[in-house]
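To start, the structure under review is shown below, and the notes come after it.
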Amino acid sequence: MADTAFDLIVLGAGPGGYVAAIRAAQLGMKTAVIEREHLGGICLNWGCIPTKALLRCSEINHLLHSLDQYGFAAKDVSFDIGKIVKRSRKVASQLSGGVKHLLKKNKVTVVDGHGKLDGAGKVVVDTTTYTAKHVIIATGARARVLPGLEPDGKQVWTYKEAMVPEAMPQSLLVVGSGAIGIEFASFYRAMGAEVTVVEVLDRILPVEDAEISAFAHKAFAKQGMKIITGGKVAKLEKSAKDVTATIEAGGKSTTVTVEKVILAVGIDGNVENIGLETTKAKTDRGHIVVDKWLQTDEPGVYAIGDVVGPPWLAHKASHEGVICVEKIAGLKDVHPLDTSRIPGCTYCTPQIASVGMTEAKAKETGHEVKVGRFPYIGNGKAIALGEPDGMIKTVFDAKTGELLGAHMVGAEVTELIQGYTVAKTLETTEAELMHTVFPHPTLSEMMHESVLDAYGRAIHF
């Protein structure tokens with residue numbers, strides 16, 4: 001007979017849930033994780049990881065068509081979209097298997113099926129009731145659907161269909177220019193498709209610093225991407241071979257006809273059909289309400305990750321899982337999550353990364369600021385790589401020297417941003433950053449120069 005009594009049950013095995021389960025097991029808790037679909041969740045199977053595998057292929061395709069600048073030549077360069085998709089799925093499968101191994105290694109019980117709360121401390125899967133003093137909800141989120149723009153999986157795609165195309169579309173429309181929309185737009189454009197992006201706000205990548213957003217817009221336009229800001233897709237009309245979108249922007253109505261449409265207009269938390277109504281837990285606009293320790297209004301019931309709201313990032317979910325479990329375990333050095341220290345990355349070409357406040361937000365919250373900038377064209381490594389387009393921007397409090405925010409666009413910035421993230425966690429000021437020795441020749445030197453520039457001391461620009 002299966003063991004059904006645990007110290008902790010985690011509902012969902014995405015990057016928040018499986019990390020929470022492993023940390024709980026490390027701390028001596030008898031732990032179970034319940035997953036209805038894939039270990040690793042959306043991130044590992046249909047999000048962060050497989051999309052990066054696709055984007056790597058598009059980077060290679062771009063490089064193969066830019067060989068002349070490096071002194072190479074190649075004839076009849078082509079690609080097989082089937083093999084590209086197969087590789088992406090293989091990467092996802094490998095990592096999902098890795099999560100299974102980690103859970104087994106840490107003696108976490110994995111229950112396959114759809115779990116529903118049945119009051120505090122009880123979770124029902126099929127006809128079996130599992131009990132635990134503590135339950136963590138980590139059910140994640142799904143693509144948001146707008147009325148009149150419902151996906152059909154054939155001509156109107158969500159991220160899921162966009163990751164496994166049977167054939168490469170010649171043209172497509174991306175609705176939404178957040179990280180998900182821009183990554184798909186970047187992938188398909190680099191693979192040769194004609195791409196149009198529609199954003200309802202006045203600029204693309206609206207959560208990023210306005211200067212970085214403008215730089216990215218110009219870079220995408222230079223690549224041949226068509227971008228419409230302040231625009232709304234009023235309706236979609238399908239025919240046998242294509243889709244015609246009516247777009248309202250600037251008081252005018254225009255139509256765009258494409259083979260496929262990708263919807264990337266945000267996400268909604270998976271709060272339905274998980275038994276929340278049997279508890280005192282509350283929801284607000286499709287997300288579970290929690291306190292700073294991830295506790296819901298029901299004692300012993302917690303929630304982490306995308307289901308509790310922004311920022312909708314895998315690393316945020318994982319960190320919340322650790323915080324939640326360590327607080328349950330009674331560890332004394334646990335700290336609530338400071339979202340201002342969470343970096344965000346978009347893996348388009350050029351890459352975009354940021355942490356902390358934008359310049360506008362810093363000013364809006366009353367800071368007198370010092371702003372530093374350094375362009376890629378001033379960096380030897382960037383020029384040697386053939387990647388001279390980009391910029392690093394830093395925002396400091398003029399009075400205290402506190403690093404308020406850092407914003408980057410250019411090659412490999414998704415790897416560079418962690419330097420500033422560590423600096424924020426350590427509450428570093430401009431003085432420590434100025435006295436830090438950065439290796440030469442590296443892209444990271446631009447981080448140093450941007451700090452110096454904020455105080456009128458840049459050397460190489």
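The values are calculated or read from the model by the stated rules, or taken from the named source; none is laboratory data. No experiment lies behind these values; they were computed from the predicted model shown. A quick note on method: Cβ atoms are made from the backbone with ideal geometry, for glycine too, and the neighbour counts reach across all protein chains shown.
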Log entry, pairs with first residue in segment 405-424 being among the acidic types (Asp, Glu), second being modelled with pLDDT of 95 or more, beta carbons closer than 6 Å, six or more apart or on different chains, reads 412/443
Looking across segment 59-81 at residues that are free of Cβ contacts under 8 Å to residues at least 12 places away in the same chain and part of a helix (DSSP H, G or I), the single one that is nearest to residue 167 (Cα to Cα) is 60
Over segment 185-202, the set of residues within 22 Å of residue 254 (Cβ to Cβ) and either outside any loop (DSSP other than H, G, I, E, B) or basic (Lys, Arg) (or both) is 185, 188, 189, 194, 195, 196, 197, 198, 199
Going through segment 31-45 in order, the residues found to be hydrophobic (A, V, I, L, M, F, W, C) and more than 21 Å from the chain's Cα centre (by Cα) are 32, 33, 34
Of the residues in segment 302-327 that are among the hydrophobic types (A, V, I, L, M, F, W, C) and surrounded by 24 or more Cβ atoms within 10 Å (Cβ to Cβ), the one that is nearest to residue 219 (Cα to Cα) is 317
Does segment 364-382 contain at least one residue that is within 23 Å of the chain's Cα centre (by Cα), farther than 30 Å from residue 53 by Cβ and part of a helix (DSSP H, G or I)? no
| message | Residue under question is residue 25, and the condition is that it be outside any loop (DSSP other than H, G, I, E, B) and more than 23 Å from residue 270 (Cβ to Cβ); does it hold? | response | yes
Taking segment 422-445 and the residues there that are farther than 26 Å from residue 338 by Cα and aliphatic (A, V, I, L, M), the one that is surrounded by the most Cβ atoms within 10 Å (Cβ to Cβ) would be 443
Condition test on residue 45, is it within 25 Å of residue 267 (Cα to Cα), in a helix (DSSP H, G or I) and not assigned by TED's automatic domain parsing to the domain that holds residue 170? yes
Those residues of segment 216-249 which are part of a loop (DSSP other than H, G, I, E, B) and either touching an Asp or Glu at 6+ places or on another chain (Cβ under 8 Å) or closer than 28 Å to residue 350 by Cα (or both) amount to 223, 224, 225, 230, 241, 242
Can you find a residue in segment 52-66 that is surrounded by 18 or more Cβ atoms within 10 Å (Cβ to Cβ), among the polar types (S, T, N, Q), closer than 28 Å to residue 311 by Cα and under 26 Å from the mean Cα position of the chain (by Cα)? yes
When every residue in segment 272-282 that is over 15 Å from residue 304 (Cβ atoms) and in contact (Cβ under 8 Å) with a residue 12 or more places away in the chain is compared, the one surrounded by the fewest Cβ atoms within 10 Å (Cβ to Cβ) is 273
- Item | Any chance residue 348 is in a loop (DSSP other than H, G, I, E, B) and either buried (at least 20 other Cβ atoms within 10 Å of the Cβ) or touching a residue at least 24 places away in the same chain (Cβ under 8 Å) (or both) | yes
Scanning segment 416-446 residue by residue, those outside any loop (DSSP other than H, G, I, E, B) and touching a Phe, Trp or Tyr at 6+ places or on another chain (Cβ under 7 Å) turn out to be 430, 445, 446
Of the listed residues (146, 95, 102, 44), the one being on the phi < 0 side of the Ramachandran plot and modelled with pLDDT of 95 or more is 102
Here the residues within segment 117-133 that are of a type outside the set (Val, Ile, Thr) and either surrounded by fewer than 16 Cβ atoms within 10 Å (Cβ to Cβ) or in contact with a Cys (Cβ under 9 Å, 6 or more places away or on another chain) (or both) are 118, 119, 126, 133
Of those in segment 403-418 that are surrounded by fewer than 19 Cβ atoms within 10 Å (Cβ to Cβ) and not β-branched (Val, Ile, Thr), the residue farthest from residue 340 (Cα to Cα) is 415
Flagged in segment 173-182 as in a helix (DSSP H, G or I) and crowded, with 24+ Cβ neighbours inside 10 Å, in numbering order, are 180, 181, 182
In segment 242-271, residues that are free of Cβ contacts under 8 Å to residues at least 40 places away in the same chain and either charged (D, E, K, R) or in contact with a Pro (Cβ under 9 Å, 6 or more places away or on another chain) (or both) total 2
Among the residues of segment 222-241, the number that are touching a strand residue (DSSP E or B) at 6+ places or on another chain (Cβ under 6 Å) and either without any contact (Cβ under 8 Å) to a residue 40 or more places away in the chain or surrounded by fewer than 19 Cβ atoms within 10 Å (Cβ to Cβ) (or both) is 9
Counted residues in segment 34-71 being over 19 Å from residue 411 (Cβ atoms) and aromatic (Phe, Trp, Tyr) come to 1
